[in-house]
Amino acid sequence: MCGIVGAVAQRDVAEILLEGLRRLEYRGYDSAGLAVIQGKTLARIRRVGKVKNLTDAINENPVIGGTGIAHTRWATHGEPSERNAHPHLSNENIAVVHNGIIENYKELKNELSKEGYAFTSETDTEVLTHLIHKLQNETKDLLSAVQKATKIVTGAYGTAVIDSNNSDQMIVARSGSPLVIGLGIGEHFVASDQLALLPVTSRFIYLEEGDVARLTRKTVEIFDKNGQPVDRKINLVDAKSDSADKGEYRHYMMKEIFEQPTCVRQTLEGRINTQGVESGIFGNGFEAITGQIKHVTIVACGTSYHAGMVAKYWFEQYAGVSCSVEIASEFRYRKFYVHEGSLFVSISQSGETADTLAALRLAKEQGYLSSLTICNVMGSSLVRESDFNFMTRAGTEIGVASTKAFTTQLVSLLLLVLTLGRHKGLTSDHEKEMVAALMQLPGKIEQALMANDVIETLAEEFADKNHALFLGRGDQYPIAMEGALKLKEISYIHAEAYAAGELKHGPIALIDADMPVIVVAPNNELLEKLHSNVEEVRARGSILYVFADKAAKFESDDTQKVVDVVATEAITAPIVYTVPLQLLSYHVAVIKGTDVDQPRNLAKSVTVE
Ligand code: F6R
């Protein structure tokens, strides 16, 4: 949520900063801005809308200088406008970019106003900027000023600060919002996501909570939350694994949908063999506690929450372990009961979702047996703060609507189900059957992707609709929910999902010819029940779109369109059936002409509450 890039270098950095912003644009895209120390003054340019608008402005008025900061914004305080865009300035010499939220900004604004500071924006960031300016006047040192400011402000944030009176210096601080330092030769960088800096370096330091750092061209000094100098590990990142390139595809989302067979293969690699799940894949010491696990509590948001909902069916059916699943923003603010022997599992693509992170921190104080995160970003906060982690290996997901992260989360959860199941009576034959299904999964997804053209044609029938209903039963109910979320997010069509058996308890009143109903209908033990539910809908005049394999015996006619989905094992069916629903949302959005990769009002990484 919001993206930060900064550089201290000898060469001109405007293009490096702009490229970094382009790579971070998926995190927020309401407005963008940049400030570079040009001679002894700050050159600042800000524009509403995409980074492209900022790039055009800079092409018209180039900025020259080796030290600069830049930002792409997802508005929290104040509408998306040029005056609210970052960087913010104080006294024309201090420039600040900031991610996250300063919670006590109103009190601070009142105090600073009384001291004569004038505010030109509605943002909390401008408050931080003036505060740093004031503290620098007192301490005569930018590092000390930022360190003091971090003790005064409350909330979760990451920030980068420059002062035009000292062009060879940038101060950065992390408290709750990720920041990574990129190490160059005779130049150093900072960003909220390493992806922004891959064109300039592959050596990174992930700042820890409370760290403040001073970067110059030649040095990096890091101080912990107590102000003590610390060494942090340097991590080497393979730039090839983090492609920010759309390749032959028109949108990242489509590229990421089609990457799923590869991503699933990567997630499984070295983790299963023909007999079952490899031991030790959840980290040293995990198997020592599996015998004690009596309950699994899953906490996540959005699409990741849907992965958790599918896993609940799996844990209880295959592993014989009770499981509860909860939205992180609810979990963190209620009194909850901790079952004896409970494993706390967080699921997150980004590893930085504020609510999920807060839930983990809370859980760690509440007597859970242990914590495990299933995550796609190495070095992220959830990974660092959980006792155990399991990486989904989907590669960087840039499309804001999550696709490959979701299917690899499901694969990872299945591996966890099998690992726990072993201790609860899952037979070795059953485990063998399940890993055989997992081995076939990439091929099944490839076959599911072959329906792309059919689904593209079908999508035309949705483009003029205002509402849609998704139905599923059992472990396909969360898949219906995920299908509805995807359609809402990128096509802006209002969509809801129901467990098909629940329809007659109210929502069936909505059914008429203008309400398309999408049904996920694999051939499983609930099929007969689902057939009855479908007939109830048909009898009320709706047009049905049924995703089913041939054995499920649905036939296309005037009121029912059937899309063939490859026959698949029950255990992997939720993963396979996700794919056609992703394709449907994608094509509806393309036909409607929405911004598929960066839908309105959304951001990829939700680092504020
Ligand atoms: C939807 C989507 C979001 C995220 C949610 C949690 O397509 O991507 O619903 O799933 O914001 O994000 P993570 O998984 O990063 O914790």
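Selection of strands (runs of 3 or more DSSP E) fully inside the stretch 1-106 by the criterion of at least 2 residues being closer than 30 Å to Asp245 by Cβ returns 3-8, 31-38, 41-48, 67-73, 94-102.
The stretch 243-313 holds helices (runs of 4 or more DSSP H) entirely within its bounds, and those carrying 2 or more residues that are under 17 Å from Leu415 (Cβ atoms) and under 18 Å from the mean Cα position of the chain (by Cα) map to 260-268.
Can you say whether Gln147 is part of a helix (DSSP H, G or I), modelled with pLDDT of 95 or more and out of contact with any helix residue (DSSP H, G or I) (no Cβ under 7 Å at 6 or more places or on another chain), as far as the supplied structure shows? It is true that Gln147 is part of a helix (DSSP H, G or I), modelled with pLDDT of 95 or more and out of contact with any helix residue (DSSP H, G or I) (no Cβ under 7 Å at 6 or more places or on another chain). Within the stretch 470-484, the set of residues being aromatic (Phe, Trp, Tyr) and within 10 Å of Pro574 (Cα to Cα) comprises Tyr477 only. Among the residues here, Leu438 does not qualify as over 18 Å from Pro580 (Cβ atoms), in contact with a Lys or Arg (Cβ under 7 Å, 6 or more places away or on another chain) and at pLDDT 95 or above. Taking Ala307 as meeting all but one of (1) modelled with pLDDT of 95 or more; (2) more than 16 Å from the ligand (Cβ to nearest atom); (3) touching a helix residue (DSSP H, G or I) at 6+ places or on another chain (Cβ under 9 Å), write down the number of the exception. Of the numbered conditions (1) modelled with pLDDT of 95 or more; (2) more than 16 Å from the ligand (Cβ to nearest atom); (3) touching a helix residue (DSSP H, G or I) at 6+ places or on another chain (Cβ under 9 Å), the odd one out for Ala307 is (2).
Residues in the stretch 120-133 that are touching a residue at least 40 places away in the same chain (Cβ under 8 Å) and charged (D, E, K, R) were compared, and the one that is surrounded by the fewest Cβ atoms within 10 Å (Cβ to Cβ) is Glu122.
On inspection, Phe388 fails the criterion of being under 24 Å from Pro478 (Cα atoms) and more than 13 Å from the ligand (Cβ to nearest atom). When the stretch 585-598 is examined, which residues are found to be in contact with a Leu (Cβ under 7 Å, 6 or more places away or on another chain) and either more than 14 Å from the ligand (Cβ to nearest atom) or closer than 30 Å to Asn99 by Cα (or both)? Residue satisfying the conditions is Val588 alone. For Gly280, the conditions (1) more than 15 Å from Leu420 (Cβ to Cβ); (2) without any contact (Cβ under 8 Å) to a residue 12 or more places away in the chain; (3) touching a Phe, Trp or Tyr at 6+ places or on another chain (Cβ under 8 Å) are fulfilled apart from (1). Flag not set for Ser324, criterion: surrounded by 22 or more Cβ atoms within 10 Å (Cβ to Cβ) and touching a residue at least 24 places away in the same chain (Cβ under 8 Å). Scanning the stretch 323-353 for residues that are in contact with a helix residue (DSSP H, G or I) (Cβ under 6 Å, 6 or more places away or on another chain), under 13 Å from Ile298 (Cβ atoms) and within 16 Å of the ligand (Cβ to nearest atom) yields a count of 8.
Take the residues in the stretch 357-406 that are among the basic types (Lys, Arg) and touching a helix residue (DSSP H, G or I) at 6+ places or on another chain (Cβ under 9 Å); name whichever of them is nearest to Gly341 (Cα to Cα). Ranking the candidates gives Lys364 first.
Every residue, every condition in (1) under 22 Å from Phe462 (Cα atoms); (2) among the polar types (S, T, N, Q), yes or no:
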{"residue": "Glu502", "(1), (2)": "no, no"}
{"residue": "Asp514", "(1), (2)": "yes, no"}
{"residue": "Gln560", "(1), (2)": "yes, yes"}
{"residue": "Tyr586", "(1), (2)": "yes, no"}
{"residue": "Lys592", "(1), (2)": "yes, no"}
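Has the stretch 439-448 got any residue that is away from the ligand (no atom under 16 Å from the Cβ), closer than 23 Å to Asn523 by Cα, part of a helix (DSSP H, G or I) and among the polar types (S, T, N, Q)? Within the stretch 439-448, one or more residues are away from the ligand (no atom under 16 Å from the Cβ), closer than 23 Å to Asn523 by Cα, part of a helix (DSSP H, G or I) and among the polar types (S, T, N, Q).
In this structure, does Thr373 turn out to be within 16 Å of the ligand (Cβ to nearest atom), in contact with a Leu (Cβ under 7 Å, 6 or more places away or on another chain) and under 18 Å from Asn284 (Cα atoms)?
In short, yes.
Do you know which residues across the stretch 1-32 are of a type in the set (Gly, Ala, Ser), in contact (Cβ under 8 Å) with a residue 60 or more places away in the chain and buried (at least 22 other Cβ atoms within 10 Å of the Cβ)?
Across the stretch 1-32, the qualifying residues are Gly3, Gly6, Ala7, Gly20, Gly28.
Restricting attention to the stretch 599-609, the residues being more than 12 Å from the ligand (Cβ to nearest atom) and buried (at least 23 other Cβ atoms within 10 Å of the Cβ) number 0.
Of all the listed residues (Gly399, Gly395), the sole one being near the ligand (Cβ under 9 Å from one of its atoms), in contact (Cβ under 8 Å) with a residue 24 or more places away in the chain and under 22 Å from Thr267 (Cβ atoms) is Gly399. List the number of the failed condition for Lys404; all other conditions in (1) more than 28 Å from Leu207 (Cβ to Cβ); (2) at pLDDT 95 or above; (3) out of contact with any Ser or Thr (no Cβ under 8 Å at 6 or more places or on another chain) hold. Condition not satisfied by Lys404: (1).
As for the stretch 565-572, it holds at least one residue that is within 30 Å of His251 (Cα to Cα) and assigned to a helix (DSSP H, G or I).
Scanning the stretch 184-206 for residues that are free of Cβ contacts under 8 Å to residues at least 40 places away in the same chain and under 13 Å from Val230 (Cα atoms) yields a single hit, Ile205.
Residues in the stretch 41-62: is at least one over 24 Å from Leu143 (Cα atoms), in contact with a Lys or Arg (Cβ under 6 Å, 6 or more places away or on another chain) and surrounded by 20 or more Cβ atoms within 10 Å (Cβ to Cβ)?
yes
Has the stretch 416-438 got any residue that is small (Gly, Ala, Ser) and either within 16 Å of the ligand (Cβ to nearest atom) or touching a His at 6+ places or on another chain (Cβ under 6 Å) (or both)? No, there is no match, as no residue in the stretch 416-438 is small (Gly, Ala, Ser) and either within 16 Å of the ligand (Cβ to nearest atom) or touching a His at 6+ places or on another chain (Cβ under 6 Å) (or both).
Contact map, the stretch 337-357: first residue free of Cβ contacts under 8 Å to residues at least 12 places away in the same chain, second residue within 13 Å of the ligand (Cβ to nearest atom) and in a helix (DSSP H, G or I), Cβ cut-off under 9 Å, separation 6 or more or different chains; the map is empty.
The values are calculated or read from the model by the stated rules, or taken from the named source; none is laboratory data. It should be emphasised that the depicted structure is a prediction, and the values quoted were computed from it without experimental measurement. When we count neighbours, we look across all protein chains shown, and the Cβ atoms used for this are built from the backbone with ideal geometry, even at glycine.
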